[in-house]
Amino acid sequence: MTLMILKMIGCLALLMFGMKTMSEGLQKLTGGHLRAVLGTMTKHRLGGLLTGTCVTAAVQSSTATTVMTVSFVNAGLLTLSQAIPVIMGANIGTTATAWIMSIFGFQFNMSSVVWPFFALGIILSYTKKNSTKSFGEFIFGFSFMFLGLCTLRENAVAMDLSHNQAVINFFASCGGWGIWTTLLFLVLGSVLTMCVQSSAAIMAITLILCSSGVLPIYQGIALVMGENIGTTVTSNLAALSASTQARRAALAHMLFNVFGVIWVLIVFHPFVNMVCHIVGFDPNFVPQTQEEIAQASVRVTYALSGFHTAFNVCNVCILIWFIKPMERIICKIIVGKEEDEDFRLKFISGGLLSTAELSLFEARKEINLFAKRSQKMFGFVPQLLEMKDENEFTKLFARIEKYEGISDNMEIEIANYLNKVSEGRLSPESKASIQSMLREISEIESIGDACYNMARAINRKYRSPKDFTEEQYAHIKHIMELNDKAMNHMINVIEDVPQVDVNSALNIENEINDYRKLLKERNVDDINAQKYDYQMGVHYMDIVNDCEKLGDYIINVVEAHAHVRLTY
């Protein structure tokens with residue numbers, strides 16, 4: 001018995017691995033296109049619903065759809081009210097997995113069919129074209145999933161669960177508690193899903209138990225309801241350390257399923273009987289012949305899959321009209337904090353990873369935020385130069401110093417994240433993109449260093465008894481204006497703003513270099529002409545030189561991002 005249980009655990013692991021591999025292969029194959037679809041087809045609630053359904057059914061992962069949707073919300077491309085229909089659609093799309101297992105895993109004998117698919121997968125994996133390799137990965141995952149499902153069924157048959165008196169007595173003893181039986185299996189389904197971290201795996205076990213005749217249909221459906229709750233608890237726990245919008249999206253997912261469970265519990269038996277009638281399964285029918293038993297074992301899987309779909313579709317039909325009230329409730333439960341200046345990653349701190357390919361999209365958003373923080377830091381420097389009040393000067397200098405520490409931490413955290421992503425299965429283009437992104441964050445951190453060095457030079461000048469001449473102030477102001485122009489251009493480039501010429505950044509950088517060379521020559525002449533003393537000339541050129549270095553770092557970021565563009 002122990003050996004059989006271990007075999008079943010191994011089969012379950014094989015099934016989960018197949019699901020994960022199949023999903024990753026599809027996301028590699030279609031990830032970029034799916035992101036574009038999510039970004040353009042979610043402006044209306046019906047479009048968002050259909051998009052969420054189709055994308056999730058395509059990639060076989062509601063988590064992947066949710067991660068992409070939250071990214072768009074965080075980036076301001078979608079509002080929460082536009083994201084909620086996508087999440088609703090993702091719930092419908094994820095029911096496709098149960099139908100695939102019911103139709104192909106129980107009605108057909110896939111154990112002899114999967115081996116040619118394994119052969120096809122290995123052939124495709126050796127091709128040079130990355131899209132073909134990704135398709136080969138999908139074939140492998142598909143094969144592993146059905147191999148796991150078939151072996152799981154075979155082990156269940158070998159254990160002869162339908163004649164195992166201990167198992168039969170357990171479920172029979174639980175079946176006489178009325179509503180408490182339903183609640184018990186609902187909680188059991190939630191806990192198992194939370195432990196296994198895969199609703200598809202628990203669905204497979206439920207299908208096998210019900211098809212073998214051991215688990216009654218009503219208890220099996222209670223498990224399915226619990227799976228819907230369990231998968232939302234997992235995402236909410238993962239989102240605890242994430243941004244406000246990520247936590248709100250996770251809560252929307254949970255409220256959607258909890259509401260559905262509540263109203264289904266109220267009409268439980270009539271609703272289940274209606275679904276069973278639609279798929280042609282009679283819960284009260286006792287099969288006598290082998291043919292009837294075989295038909296019933298298939299029909300009961302249809303009933304479970306049909307309930308899963310009907311549950312989510314009916315839930316959507318009810319809640320799709322109450323998106324605005326849902327948004328208000330969610331925003332009251334999770335109150336957004338005012339944006340502070342403490343170190344905190346916004347897009348990649350929640351642990352809501354789907355696949356390595358999609359994680360690059362999260363990292364891209366975080367790098368864009370990093371660049372904007374550096375731009376904001378640079379904006380403090382001209383203000384510091386013009387300040388005369390000592391208290392205000394000290395506060396702003398401390399703020400710049402704090403931003404420099406934030407810049408260092410952001411570089412480390414993003415780099416660590418990218419290194420973890422690089423450990424996954426990636427296409428050569430994505431590997432090259434990671435190297436370019438690592439260069440980007442290194443150069444952006446150097447921008448922060450240059451801004452801090454400018455602030456230190458201004459601080460040294462401020463503490464000295466003398467001041468710059470009006471001409472020196474004008475020169476510094478002009479070169480900082482060039483820096484600001486270059487910084488704005490850099491932000492437009494990394495955000496892929498249309499019709500932005502990457503080469504024009506080089507022109508601005510050359511202008512900064514030429515102006516710095518001119519100021520360096522004039523500085524010697526002005527000191528010799530005694531317009532200011534040597535020490536003030538040192539402070540002056542320290543600021544000018546840091547401005548020139550800042551221009552170098554900016555052009556390096558632009559070039560690194562241009563390389564990322566070329567890899568896609």
Selection from the stretch 394-437 of residues that are assigned to a helix (DSSP H, G or I), of a type in the set (Lys, Arg) and either within 17 Å of the chain's Cα centre (by Cα) or more than 17 Å from GLY448 (Cβ to Cβ) (or both): LYS395, LYS420, LYS431
Where PHE378 falls short, out of the listed (1) modelled with pLDDT of 75 or more; (2) closer than 30 Å to ARG463 by Cα; (3) open to solvent by 50 Å² or more (accessible area, probe 1.4 Å): (3)
Residue in the stretch 286-306 that is among the charged types (D, E, K, R), more than 35 Å from the chain's Cα centre (by Cα) and outside any helix (DSSP H, G or I) present: no
Check on THR309, open to solvent by less than 60 Å² (accessible area, probe 1.4 Å), over 21 Å from GLY213 (Cα atoms) and among the hydroxyl-bearing types (Ser, Thr, Tyr): yes
Single match in ASN523, ASN513 (criterion: under 47 Å from the mean Cα position of the chain (by Cα), part of a helix (DSSP H, G or I) and farther than 12 Å from LEU385 by Cβ): ASN513
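The values are calculated or read from the model by the stated rules, or taken from the named source; none is laboratory data. If you're wondering where the values come from, they're calculated on a predicted model, not measured in any experiment. No Cβ is skipped: glycine too gets one built from the backbone with ideal geometry, and neighbour counts run over all protein chains shown. The protein model used for the area step is the full one, side chains on, heavy atoms only, and it has no ligands, DNA or RNA in it. Shrake-Rupley method; radii C 1.70, N 1.55, O 1.52, S 1.80 Å.
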